[in-house]
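Asks: One structure, as structure tokens, below. Some questions next.
The values are calculated or read from the model by the stated rules, or taken from the named source; none is laboratory data. All values derive from a computational prediction rather than experimental measurement. We place every Cβ from the backbone using ideal geometry, glycine too, and count neighbours over all the protein chains shown. For accessibility, only protein heavy atoms count, side chains too; no ligands or nucleic acids. Shrake-Rupley method; radii C 1.70, N 1.55, O 1.52, S 1.80 Å.
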Amino acid sequence: MKETNFISAVIYVSHGAVKASEFIAEIDAVLSVGFRDYEIICINDDADTEIIKALHNVRLAHNCGNFAIINMGGYYGLERSMVAGVDFAIGDYVFEFDSVDRDYPLDIIMTVYTTIFKGYDVVAAQKDRKSAALSSRFFYYLFNKSSEFEEKLRSESFCIKSRRAINQAGDYGNIILYRKAADSASGLKRGYVSYEAIKPVCR
């Protein structure tokens, strides 16, 4: 039986038309099986005409109103672009996919979704320690050491947020541009689902 919560999937696209098309098709396949109602929102942060053309081709493949493209009109970066996409989303729960480079098994998407009902406001997928890049671990070590947040931030591949989490973190959005830091500042309870990377990626 399909889940009845309305789901939004916000996907950041900044390069690679073919890779973006493949990733969107994979996400659509998962959501169409798991959920009765959903939307996919692509944030185009690149002026590359091939990406724009590829996204519109994907849109044509979705013959219902569940696919939207937000063209940022220039390079605004990941954080601002994703905030724009989340602001546009109407789902009860919102997936945030920061990259179209996938190194996780697709079935973890539904695992992350079901985990949010165990008392969390945000649930993220993260590579297990043996799969995580050393540079990423070092970045968060330095970030956590210098920050005043109680919750220590970690590297994540994607996450899902409840509508309550989005509304609450939004109060900090104009002060803290880093989304995970805004979540932490708002006191949201964050959970994690660990996975072993299925292929190496640079992130």
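Asks: Just a yes or no: is a residue in segment 83-95 farther than 17 Å from PHE6 by Cβ, among the charged types (D, E, K, R), at pLDDT 90 or above and surrounded by 13 or more Cβ atoms within 10 Å (Cβ to Cβ)? So that I can check it myself, show each step before the final result.
Replies: Taking segment 83-95 first, the residues farther than 17 Å from PHE6 by Cβ are 83-84.
Among the residues that remain, those that are also among the charged types (D, E, K, R) are: none.
No, the conditions are met nowhere in segment 83-95.
Asks: Consider segment 96-115. How many of its residues are aliphatic (A, V, I, L, M), more than 12 Å from the chain's Cα centre (by Cα) and surrounded by 20 or more Cβ atoms within 10 Å (Cβ to Cβ)?
Replies: 0
Asks: Let me ask something additional. Please specify each residue of segment 85-130 satisfying the condition of being in a strand (DSSP E or B) and among the aliphatic types (A, V, I, L, M).
Replies: Filtering segment 85-130 for residues in a strand (DSSP E or B) gives 93-97, 122-127.
Selection gives VAL94, VAL122, VAL123, ALA124, ALA125.
Asks: Now for a different question. Please determine, by comparing only the residues of segment 149-191 that are assigned to a loop (DSSP other than H, G, I, E, B) and modelled with pLDDT of 65 or more, which one is surrounded by the fewest Cβ atoms within 10 Å (Cβ to Cβ).
Replies: GLY187
Asks: Only one of (1) part of a helix (DSSP H, G or I); (2) among the aliphatic types (A, V, I, L, M); (3) open to solvent by less than 60 Å² (accessible area, probe 1.4 Å) is not met by ILE11, so which one is it?
Replies: Tallying (1) part of a helix (DSSP H, G or I); (2) among the aliphatic types (A, V, I, L, M); (3) open to solvent by less than 60 Å² (accessible area, probe 1.4 Å), ILE11 fails exactly one: (1).
Asks: Could I ask something else about it? Output the residue which, of all residues in segment 28-54 that are part of a helix (DSSP H, G or I) and crowded, with 21+ Cβ neighbours inside 10 Å, is modelled with the highest pLDDT.
Replies: Here the residue is LEU31.
Asks: Out of everything in segment 74-95 that is among the small types (Gly, Ala, Ser) and under 14 Å from the mean Cα position of the chain (by Cα), what residue ends up being farthest from TYR38 (Cα to Cα)?
Replies: The qualifying residue farthest from TYR38 (Cα to Cα) is SER81.
Asks: Among the listed residues SER146, SER194, SER136, which satisfies the condition of being modelled with pLDDT of 70 or more, among the hydroxyl-bearing types (Ser, Thr, Tyr) and over 17 Å from VAL83 (Cβ atoms)?
Replies: SER194
Asks: How many residues does segment 14-23 hold that are open to solvent by less than 20 Å² (accessible area, probe 1.4 Å) and either on the phi > 0 side of the Ramachandran plot or modelled with pLDDT of 90 or more (or both)? Show your work before the answer.
Replies: Going residue by residue through segment 14-23, those that are open to solvent by less than 20 Å² (accessible area, probe 1.4 Å) are 20, 23.
From what's left, either on the phi > 0 side of the Ramachandran plot or modelled with pLDDT of 90 or more (or both): 23.
Residues in segment 14-23 being open to solvent by less than 20 Å² (accessible area, probe 1.4 Å) and either on the phi > 0 side of the Ramachandran plot or modelled with pLDDT of 90 or more (or both): 1 in total.
Asks: Still on this structure: Against the definition (touching a Leu at 6+ places or on another chain (Cβ under 8 Å) and either open to solvent by less than 10 Å² (accessible area, probe 1.4 Å) or modelled with pLDDT of 65 or more (or both)), how does ALA125 come out, yes or no?
Replies: no
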